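**Q** Next up is a structure, given as structure tokens.
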Amino acid sequence: MQLTYEDITILATGSLIAWSCALLGSFLMLRRMALAGDAIAHAVLPGIVIAFLLSGTRSSPVMIAGAATLGLITTFAIETLQKKARLQADASIGLTFTFLFAVGVILLSMLAGKVDLDQDCVLYGELSYVPLDVWITSTGTVLGPRALFITATLFIVLLTIITITWRPLLITTFDPVYATSIGVNSVFYHYLLMGCVSVTTVVSFELVGAILVVALLIAPAATAYLLTDSFRNLIILACGLGLVAVAGGYFLATAVDASVAGSIATVNGLLFMAAFLFSPRYGLLFRKKRTAIIH
Amino acid sequence: MNTLFEFLSLSDPNVRYVTLGAMLLMGSSSLMGTFTLLNKKSLIGDAIAHAVLPGVCLGFIFSGSKDPLWILAGAFFTGAFSVYLIDFIVQHSRIKEDTAIALVLSVFFGAGIVLLTFIQKSGNAAQSGLDQFLFGRAAAINRNDLMVFGITAVVIASATLLFKRIFILMAFDRDYARSLGFPVKFIQFIQTSLIVLAVVIGIQAVGVVLMAAVLITPAAAARYWSNSVKGILLIATMVGLFSGFAGAFVSYVAPAMPTGPWIVVVASVMAFASMIFSPQSGMLSRYLHQRRLRHTVADENLLKVFYQLAETDKTFFDGRTLAQLTGRRKFQIVSLKRRLSRLQRQGYLEKSGDGWKLTDAGLIRAQRIVKIHRLWELYLTTYMKIAPDHVHEDADTIEHLLTPELEQELERQLGYPDTDPHQAEIPYRKN
Amino acid sequence: METTALEIHDLTVAFSRKPVLWNVDAKLPAGKLIGIIGPNGAGKSTLIKAIMGIVPLSSGYVKIFGQELNAVRRRVSYVPQRESVDWDFPVSVMDVTLMGRYAHVGMFKKLRKADYDIAYDALRKMGMEAFANRQIAQLSGGQQQRTFLARALAQQADLYLMDEPFAGVDAATEKAVITLLREMTEQGKTVIVVHHNLQSAAQYFDCLLLLNTRLIACGPVADVFTPENLQDTYGGKLTLLTDVANLMRKENYPVREAQLQKE
């Protein structure tokens with residue numbers, strides 16, 4: 001099979017999203033905030049719509065600002081419901097994101113026809129359009145697919161942030177109480193991480209959809225967690241698995257003529273299942289065997 | 001207003017179907033939502049809602065048509081499977097529950113999308129409308145749907161009545177339920193099936209993403225109004241019914257408005273309102289309570305100053321000027337004046353010349369505060385062995401708090417002493 | 001060398017407005033091995049969390065070597081309860097130990113070779129050098145505790161606060177740890193340990209702080225390890241005090257009346 005320019009563009013963009021998601025997803029999983037990530041992925045919808053209403057453009061910086069704001073509001077609302085209204089954690093998450101998503105859908109239907117943004121795009125996303133939307137400078141030079149630039153920037157920014165704040169992120173994730181005792185501000189890093197998740201979500205929105213971005217955030221990290229005991233390897237492995245899922249998903253989608261994003265999630269699920277069953281250390285089959293020997 | 005009457009008359013059959021359908025769905029889901037909330041597993045509903053999609057598609061593929069029975073069966077199967085899969089992953093690996101839920105819901109949904117797009121492109125004309133499971137189609141509920149919703153509501157309501165006691169026991173203490181010999185696994189299976197049923201039906205009205213709200217939000221709102229499961233079930237159902245009704249009304253008035261999201265917004269607003277206005281645990285009642293306490297404390301601190309001045313001068317009913325009062329304790333003049341007239345209105349103080357003096361009632365109250373203050377200081381030094389120079393601040397706080405019962409208990413435990421650790425006389429009320 | 005390592009002044013800590021520590025007032029001497037003793041729910045862990053600024057104080061203050069916590073944070077090391085972290089976390093024993101160096105190096109500066117040496121030395125003292133590259137998921141309970149202590153040692157502090165370091169560890173570890181703590185105090189370090197075993201308390205520690213919501217006694221073992229004090233500590237709570245504490249929660253009444261203005 002010959003890879004065309006379009007194939008390479010889509011694969012590159014998809015992989016960059018997968019890597020950004022894997023970086024953040026590893027932390028979300030270990031901080032037991034996978035569902036908060038899921039909530040943010042949905043709750044940024046009204047942020048995008050409001051950003052559009054206020055600015056009248058679909059330009060990326062405005063959308064990203066709108067989504068990031070909503071992401072932080074979501075994080076804050078979940079905590080406020082727990083602390084001030086004394087609502088249990090799972091209900092706080094569920095209440096917040098469904099409310100914000102419903103508001104987003106209502107705003108969308110008020111705008112019906114005025115904006116090329118609808119529920120379909122929220123739920124599915126469409127990677128196949130990546131090569132079509134190219135970035136052209138004012139002088140007319142074609143620079144290449146816009147999404148590729150955006151996702152590459154996002155990945156580099158996230159990688160930089162995580163490299164710089166690696167130590168406080170690690171320590172607030174592993175042992176928040178100890179982190180406080182040596183004077184690390186865990187609240188700041190919590191919001192930093194959630195802010196990154198919202199930005200990543202909105203960038204991924206149009207490409208893979210709100211729900212499948214959750215698959216990219218969590219599934220590779222979860223799979224890697226069954227394969228390694230080192231945090232660094234976990235992140236590298238999660239990035240690798242994300243790449244495999246994107247490539248596998250893309251070819252599966254092409255083969256059966258189905259949604260690319262959905263296929264990526266499906267392959268992610270298959271990879272997890274394989275690790276769940278066959279991981280040398282933590283796989284179900286080998287665990288069973290080991291216990292059998294002990295008995 | 002006319003619109004409302006028109007709507008309420010339910011003369012238009014479509015309005016009737018939509019309104020009753022939305023209410024039946026919301027009402028029956030609220031019942032099951034209460035149990036997921038009590039089990040602290042609210043988000044399992046979110047997972048089921050997403051996991052239903054591949055089942056819907058499989059049902060379609062197997063039957064080759066939009067036969068509702070096949071589709072519901074498929075939906076039910078994958079929905080229930082997801083619950084067990086989440087449990088299995090958590091029990092047999094180091095993956096924690098939140099990750100397992102996020103993983104299962106997104107992967108199942110992804111697989112569903114693959115199947116859906118596959119079906120859509122396969123050219124089967126009957127497929128149109130399958131994606132209504134994604135977004136809901138409350139506005140298009142018809143007579144047949146209403147029948148299905150009605151039967152579901154009856155099943156869920158009667159099962160809830162039948163199993164209420166054991167459901168509650170399992171939510172509260174599963175091991176104890178097992179020790180009593182209840183078939184916990186079987187009952188859990190029934191409960192899970194009912195939740196999946198509620199989701200499968202409800203999703204057709206509000207769609208995949210908002211289904212979680214249908215389960216969680218009415219129950220969360222009800223939690224603020226009642227402490228008994230029966231009460232929560234009842235109130236959650238009412239919140240559910242009302243939001244179903246209101247959502248249908250909004251889309252009747254403004255047909256462009258989506259029904260499902262409005263149902264969720266109405267239910268959420270009711271939940272937020274409950275958090276604020278609930279008399280037992282609402283934020284407003286807590287705020288008002290704090291304000292009342294603040295007044296009590298400030299009132300009593302002022303009365304205490306009158307008493308202390310009296311103790312120094314050995315005359316209890318002399319008028320005191322503002323200068324005398326501020327000389328004893330720091331006050332803001334404006335708020336001091338306001339407080340003085342407040343206490344005058346309440347009958348604790350009266351004007352006397354260019355100042356104020358204690359009334360009999362004021363003296364009794366002031367004396368009680370000073371007594372408790374000194375008794376508490378003594379309690380801290382004797383029972384808690386705290387040095388006499390470290391007890392004043394604590395007593396300053398506790399003096400306003402004690403109930404008459406605790407006051408008596410304090411007197412009794414200390415044996416009605418005469419003086420506090422600083423040798424100040426403890427004033428008892430003379431009968 | 002200071003004579004007082006830790007001064008706790010009128011410390012009250014409340015959760016949901018219910019005091020769990022009430023007016024605790026104590027001075028702990030430097031260079032001693034000090035045990036905090038009391039029944040379950042006495043507020044032992046809360047006391048050291050309050051000292052480390054992990055839970056907010058409702059009233060009172062804490063001075064460490066005569067200064068505020070933030071001024072001397074580098075000289076203080078805290079060892080949380082072993083159960084407070086997820087031991088499935090993908091880090092190695094060495095990674096955890098190096099966290100102790102973060103307190104000195106900061107969050108962003110590079111670790112130098114000296115830091116690795118110090119961490120390795122700490123592991124060696126805990127008998128864990130052979131496990132340096134082992135993932136923490138594969139450790140026994142005792143090894144997990146040794147890892148936590150190695151992290152504290154790597155902090156090279158003067159004051160150590162340890163929350164139940166002997167809970168759920170094997171006898172060999174307990175013995176090794178107590179020997180090490182003794183050595184540390186001989187070198188002038190102050191070690192404060194939350195301990196739940198009354199039998200070993202008298203022989204392990206130089207000083208004891210007996211706690212049950214309120215402070216019962218604090219001083220050298222010979223002075224405070226008396227039947228009367230133990231009776232006060234373990235003989236149940238003061239009912240009146242408990243009633244008042246419950247009333248404070250019910251009425252949402254603050255520990256100091258001035259705090260009413262804040263909300």
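**Q** Give me the residue from region B:99-119 that is more than 7 Å from chain A (Cβ to nearest Cβ) and open to solvent by 20 Å² or more (accessible area, probe 1.4 Å) and, out of that set, modelled with the lowest pLDDT.
**A** So, considering only residues that are more than 7 Å from chain A (Cβ to nearest Cβ) and open to solvent by 20 Å² or more (accessible area, probe 1.4 Å), the one modelled with the lowest pLDDT is B:115.
**Q** Identify, by number, the condition in (1) part of a helix (DSSP H, G or I); (2) open to solvent by less than 10 Å² (accessible area, probe 1.4 Å) that residue A:85 doesn't meet.
**A** For residue A:85, the exception is condition (1).
**Q** Same structure, new question: What's the total number of residues in region C:9-23 that are within 14 Å of residue C:43 (Cα to Cα) and within 12 Å of another protein chain (Cβ to nearest Cβ)?
**A** Number of matching residues: 7.
**Q** Sticking with this structure for a sec: Out of region C:85-133, which residues are open to solvent by 70 Å² or more (accessible area, probe 1.4 Å) and among the polar types (S, T, N, Q)?
**A** Once the filter is applied, which keeps residues that are open to solvent by 70 Å² or more (accessible area, probe 1.4 Å) and among the polar types (S, T, N, Q), region C:85-133 yields only C:133.
**Q** Would you check which residues across region B:15-40 are surrounded by 24 or more Cβ atoms within 10 Å (Cβ to Cβ) and of a type in the set (Phe, Trp, Tyr) and list them?
**A** Residue satisfying the conditions is B:35 alone.
**Q** Right, next: Go through A:146, A:167 for me and flag whichever is in contact (Cβ under 8 Å) with a residue 12 or more places away in the chain and basic (Lys, Arg).
**A** Of A:146, A:167, the one residue that is in contact (Cβ under 8 Å) with a residue 12 or more places away in the chain and basic (Lys, Arg) is A:146.
**Q** Does residue B:428 qualify as being farther than 23 Å from residue C:246 by Cβ and among the aromatic types (Phe, Trp, Tyr)?
**A** Yes; evaluated as a whole, the condition is true for this residue.
**Q** Looking only at region C:1-54, count every residue that is over 17 Å from residue C:190 (Cα atoms), part of a strand (DSSP E or B) and among the charged types (D, E, K, R) and tell me the total.
**A** Adding up the residues that qualify gives 3.
**Q** Could you tell me which residue of region C:34-71 is nearest to the other protein chains (Cβ to nearest Cβ), considering only residues that are of a type in the set (Val, Ile, Thr) and without any contact (Cβ under 8 Å) to a residue 60 or more places away in the chain?
**A** C:54
**Q** Then there's this: Name, by its number, the condition in (1) open to solvent by 30 Å² or more (accessible area, probe 1.4 Å); (2) touching a residue at least 60 places away in the same chain (Cβ under 8 Å); (3) at the interface with chain A (Cβ under 9 Å from one of its Cβ atoms) that does not hold for residue C:78.
**A** Failing condition for residue C:78: (1).
**Q** Filter region C:134-163 down to residues that are within 22 Å of residue C:36 (Cβ to Cβ), more than 13 Å from every other protein chain (Cβ to nearest Cβ) and open to solvent by 10 Å² or more (accessible area, probe 1.4 Å), then give me how many there are.
**A** Matching residues across region C:134-163 total 4.
**Q** For region A:50-79, give me each residue that is buried (at least 23 other Cβ atoms within 10 Å of the Cβ), touching a residue at least 40 places away in the same chain (Cβ under 8 Å), closer than 20 Å to residue A:106 by Cβ and of a type in the set (A, V, I, L, M).
**A** Within region A:50-79, A:63, A:67, A:70 meet the criteria.
**Q** Let me ask something additional. Select from region B:41-97 the residues that are among the hydroxyl-bearing types (Ser, Thr, Tyr) and surrounded by fewer than 24 Cβ atoms within 10 Å (Cβ to Cβ) and write down the one among them that is nearest to the other protein chains (Cβ to nearest Cβ).
**A** B:93
Conditions (1) within 20 Å of residue C:163 (Cβ to Cβ); (2) within 12 Å of chain A (Cβ to nearest Cβ); (3) of a type outside the set (Asp, Glu), marked per residue:
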{"site": "C:89", "(1), (2), (3)": "yes, yes, yes"}
{"site": "C:98", "(1), (2), (3)": "no, yes, yes"}
{"site": "C:101", "(1), (2), (3)": "no, yes, yes"}
{"site": "C:106", "(1), (2), (3)": "no, yes, yes"}
{"site": "C:111", "(1), (2), (3)": "no, yes, yes"}
{"site": "C:117", "(1), (2), (3)": "no, no, no"}
{"site": "C:120", "(1), (2), (3)": "no, no, yes"}
{"site": "C:124", "(1), (2), (3)": "no, no, yes"}
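**Q** Among the helices (runs of 4 or more DSSP H) lying completely within region C:170-263, list those that include at least 2 residues that are surrounded by fewer than 17 Cβ atoms within 10 Å (Cβ to Cβ) and within 11 Å of another protein chain (Cβ to nearest Cβ). Lay out the reasoning, then the answer.
**A** Numbers: elements: C:171-186, C:198-204, C:221-224, C:227-234, C:239-251.
Where helices (runs of 4 or more DSSP H) fall fully within region C:170-263 and carry at least 2 residues being surrounded by fewer than 17 Cβ atoms within 10 Å (Cβ to Cβ) and within 11 Å of another protein chain (Cβ to nearest Cβ), they are C:239-251.
Here's the yes/no breakdown for (1) open to solvent by 20 Å² or more (accessible area, probe 1.4 Å); (2) more than 30 Å from residue C:228 (Cα to Cα):
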site: B:322; (1), (2): yes, yes
site: B:329; (1), (2): yes, yes
site: B:345; (1), (2): yes, yes
site: B:352; (1), (2): yes, yes
site: B:360; (1), (2): yes, yes
site: B:369; (1), (2): no, yes
site: B:382; (1), (2): yes, no
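**Q** Residues that are at pLDDT 90 or above and away from every other protein chain (no Cβ under 11 Å), at least 1 per element: which helices (runs of 4 or more DSSP H) completely within region B:336-431 meet that?
**A** B:360-383, B:404-414
**Q** Name, by its number, the condition in (1) in a helix (DSSP H, G or I); (2) more than 30 Å from the chain's Cα centre (by Cα); (3) not hydrophobic (A, V, I, L, M, F, W, C) that does not hold for residue B:66.
**A** (1)
**Q** What's the number of the only condition in (1) in a helix (DSSP H, G or I); (2) within 12 Å of chain C (Cβ to nearest Cβ) that residue A:158 fails to meet?
**A** With (1) in a helix (DSSP H, G or I); (2) within 12 Å of chain C (Cβ to nearest Cβ) applied to residue A:158, the lone miss is (2).
The values are calculated or read from the model by the stated rules, or taken from the named source; none is laboratory data. Keep in mind it's a predicted model, so treat the numbers as computed, not measured. So basically every Cβ, Gly included, is an ideal-geometry build from the backbone, and we count neighbours across all protein chains shown. These area figures cover heavy atoms from the full protein model, side chains too; ligands, DNA and RNA do not enter into them. Shrake-Rupley method; radii C 1.70, N 1.55, O 1.52, S 1.80 Å.
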